[in-house]
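The values are calculated or read from the model by the stated rules, or taken from the named source; none is laboratory data. Just so it is clear, the structure is predicted and the values come from calculations on it, not from any experiment. Neighbour counts run over all protein chains shown; Cβ positions are idealised from the backbone, glycine included.
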Amino acid sequence: MEDIIKAFGIDGRLILIQIVNFAILMVALVYFLYNPILNMLKAREEKIVQGIKDAEAAAAAKASADAEKKVILTDAHTEAAAVNARAKSAADATASDIVAKAQTDAAAVMADAALKAQQLKLQAERDSQAEIAKTAILAAEKILTQKNA
Amino acid sequence: MLGIATAYAAEVGISVKLAPYIVGEFLGVPITATMLTTWLTMAVLIGLAFLVNAKIATVPGKLQSVFELIIGGVYDYMSEVLESKEMARKYFPIIMTIFLFVLALNWVGLLPGVTSIGLYEVHDGAEHFTPLLYPAATDLNITIGFAIAAVVAIQLAGVLALGLFKYAGKFINFHSPIGFAVGIIELISELARLISFSFRLFGNIFAGKVLLLVVLFFVPYVVPVPLIFFEVFVGFIQAFVFAILTLFFIKLAMEAPH
């Protein structure tokens, strides 16, 4: 046994030093390499999971926003049509009012004008009768004068 | 005196020894070439970790991407095997460090200069070449160190998951003679892991090193290139096997006895 140990140069102190070496390296690597990298990988994984969740939430929000938009648009269209119809009927009503008033006014103006024309006619007749009478008198006087002379 | 191994090998032939090269001594403890390589590798790994940590960002750079791929991949795989993210996080450091450390040691061992740059020393009147850096897994002390760390982690996982008495009951079982025998076999196989872990890594990397040494000695050009590629692959496989076996043994240790 001693020969084997001597042939391989086995030395308990060297083995101990190697175990200490291993322990030192392990602690150093845990502190400087494993923990930072594993923590980084974990953080990145969490970030990616969060990112996917956020993206899904955003997609859901977009979908609901789209649906809401559709509803709002449909409502708006319906309301616009209603408003349009109301405005049209109101405009129609106003227009027929205006036309009716205009017709009434026109009728009144016509009646007024006819009355005035009537009066003028009468006046003219009266005037022409007086004139005729005057002319007749003058003519009679003239005839009488000629006869007397 | 500083020297290059190939010139030395050409002069005196190839010498292969199982024991690590001793470069110096510190407070009575021998400092081996493999230990120096281990410290260099640790410095490189910690330096890389510093670099990644200093520039860490949500949008990763190239270096961070590579480490994210490795660390994230291992973590996901461990979560699957252990069937729990919490458990995966708990045993992640030991598995990942075994993988990265063994991989880095094996690959650093293939760099030019490792094994070839060293000192000439005179022992017993003859000149000997002692490399300053040497592939770390060719030293059984290093691989035993890894094996002990892995086996301790496995036993701890079992005790933490089942409780001390229930876990010990896997090995010491007086319910029936067969149960007792099975328990003893379990205990032996548990101890055998120390040997299989340490010798598997040692054997593979040592053999690779010897192979490269021999080929470099006989045909220094072209031929070693595919072999070096092969050793890069072996280095990865050995790191992978060590880490994955530790993971599976942890999983087995955590399971309740039947």
Does the stretch A:44-52 contain at least one residue that is within 14 Å of chain B (Cβ to nearest Cβ) and of a type in the set (A, V, I, L, M)? yes
For the stretch B:189-208, name all the residues that are among the polar types (S, T, N, Q) and surrounded by fewer than 16 Cβ atoms within 10 Å (Cβ to Cβ). B:Ser189, B:Ser196
Pair list, Cβ under 8 Å, 6 or more apart: the stretch A:12-24 residue within 7 Å of another protein chain (Cβ to nearest Cβ), other residue among the charged types (D, E, K, R) and not in a helix (DSSP H, G or I): A:Leu14/B:Asp139
For A:Ala55, indicate whether it is more than 14 Å from chain B (Cβ to nearest Cβ) and more than 30 Å from B:Gly72 (Cα to Cα). no
For the stretch B:9-58, which residues satisfy the criterion of being in a helix (DSSP H, G or I) and of a type in the set (Gly, Ala, Ser)? B:Ala9, B:Ala10, B:Ala33, B:Ala43, B:Gly47, B:Ala49, B:Ala54
Enumeration of residues in the stretch B:89-144 that are facing chain A (nearest Cβ under 9 Å) and among the basic types (Lys, Arg): B:Arg89
Please verify whether B:Phe249 is over 22 Å from the mean Cα position of the chain (by Cα) and either crowded, with 18+ Cβ neighbours inside 10 Å or among the hydrophobic types (A, V, I, L, M, F, W, C) (or both), treating the condition exactly as stated. no
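To keep it simple, each residue is scored yes or no on (1) in contact with a Gly (Cβ under 7 Å, 6 or more places away or on another chain); (2) assigned to a strand (DSSP E or B); (3) among the small types (Gly, Ala, Ser).
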{"residue": "B:Ile94", "(1), (2), (3)": "no, no, no"}
{"residue": "B:Ile98", "(1), (2), (3)": "no, no, no"}
{"residue": "B:Val102", "(1), (2), (3)": "no, no, no"}
{"residue": "B:Asn106", "(1), (2), (3)": "yes, no, no"}
{"residue": "B:Leu111", "(1), (2), (3)": "no, no, no"}
{"residue": "B:Gly118", "(1), (2), (3)": "yes, yes, yes"}
{"residue": "B:Val122", "(1), (2), (3)": "no, yes, no"}
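Scanning the stretch B:27-45 for residues that are over 18 Å from B:Thr115 (Cβ atoms) and at the interface with chain A (Cβ under 7 Å from one of its Cβ atoms), which turns out modelled with the lowest pLDDT?
Per the criteria, the residue is B:Val29.
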Residue check, A:Ile4 against (1) at pLDDT 90 or above; (2) loosely packed, with under 12 Cβ neighbours inside 10 Å, all met but one. Which one? (1)
Condition check: closer than 30 Å to B:Ala137 by Cβ and facing another protein chain (nearest Cβ under 7 Å). Does A:Ile4 satisfy that? no
Any residue that is more than 30 Å from B:Arg89 (Cβ to Cβ), of a type in the set (Gly, Ala, Ser) and under 24 Å from the mean Cα position of the chain (by Cα) - is there at least one of those in the stretch B:184-204? yes
Out of everything in the stretch B:113-158 that is farther than 22 Å from A:Leu25 by Cβ and among the β-branched types (Val, Ile, Thr), what residue ends up being surrounded by the most Cβ atoms within 10 Å (Cβ to Cβ)? B:Thr115
Long-range neighbours under 9 Å by Cβ, at least six apart or interchain, first residue closer than 9 Å to A:Leu33 by Cα and within 7 Å of another protein chain (Cβ to nearest Cβ) within the stretch B:46-63, second part of a loop (DSSP other than H, G, I, E, B) and of a type outside the set (D, E, K, R): B:Val52/B:Gly61
Here, helices (runs of 4 or more DSSP H) confined to the stretch B:136-228 with at least 1 residues that are free of Cβ contacts under 8 Å to residues at least 40 places away in the same chain and not hydrophobic (A, V, I, L, M, F, W, C) are B:140-162, B:177-218
